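Readers should treat all values here as calculations from the given coordinates under stated rules, not as data from a laboratory. This structure is a prediction, so every number in the text was calculated from the model and none was measured. Virtual Cβ from ideal backbone geometry, glycine too; neighbours counted across all protein chains shown.
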Amino acid sequence: ATLQTYAGTLLLVSHDRTFLDNVVTQTLVAEGDGVWREYVGGYSDWLAQRPAPQTPAAKPSRPVARSPGPAAAQPRPPQRVKLSYNETRELERLPAQIEALEREQAELHARMSSADYYKQGAEQMRADAVRAAEIEQALGAMLERWMELEERAVARR
């Protein structure tokens, strides 16, 4: 309830789609090739608004005259590859790993936000800052990998 009444801007990354649907008003999506797009609403709204995947242009309706001679080898379009056993296992494990890191991140941020936090030594504060950066980097990599595997798994269904 507190997040829903918050008047400021908050950037969050979560694999929990229901949480995103219930909390966010705008979604910033990495669509691949370095392209980021903003959509109104949560995860379900993004699914409804996102552009359809581009398909190759339709073939011409009239036949194309072929020149006589040996047939040139035509490259086949790449086929979607099924997830390997290890990738399937990784996809199954990633949500729990992401959740554990998010939990550790929340605990670390709560500790760093306490009034007594700055009374401890500088060494501990440096260690906490380093760990916070490590968690952020690991979460980003895990979420990106999870999105990649999930997209491939959904495409095969």
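Each part gets one Cα centre, and for the stretch 117-157 versus the stretch 16-46 those centres are 19 Å apart. Neighbours of Pro51, meaning other residues whose beta-carbon lies under 12 angstrom from its beta-carbon, give a summed charge of +1 when Lys and Arg score +1 and Asp and Glu score -1. Calculation over all alpha carbon pairs of the stretch 1-51 in 5 angstrom steps from 0 returns a P(r) of 4, 19, 30, 26, 13, 5, 2, 0 percent. Near Gly32: Cβ cut-off under 11 Å, other residues only, Lys/Arg at +1 and Asp/Glu at -1. The net charge is -4. Rounded to the nearest 20, the Cβ-based charge dipole of the stretch 81-157 about its Cα centre (Lys and Arg +1, Asp and Glu -1) stands at 220 debye.
Glu107 sits among other residues whose Cβ lies under 15 Å from its own Cβ, and their net charge, with Lys and Arg +1 and Asp and Glu -1, is -3. The stretch between Gln49 and Val130, if pulled fully straight at 0.36 nm per residue, gains 25.4 nm over its current Cα-Cα span. In the calculated pair-distance distribution of the stretch 81-157, the portion above 15 angstrom amounts to 63 percent of the Cα-Cα pairs.
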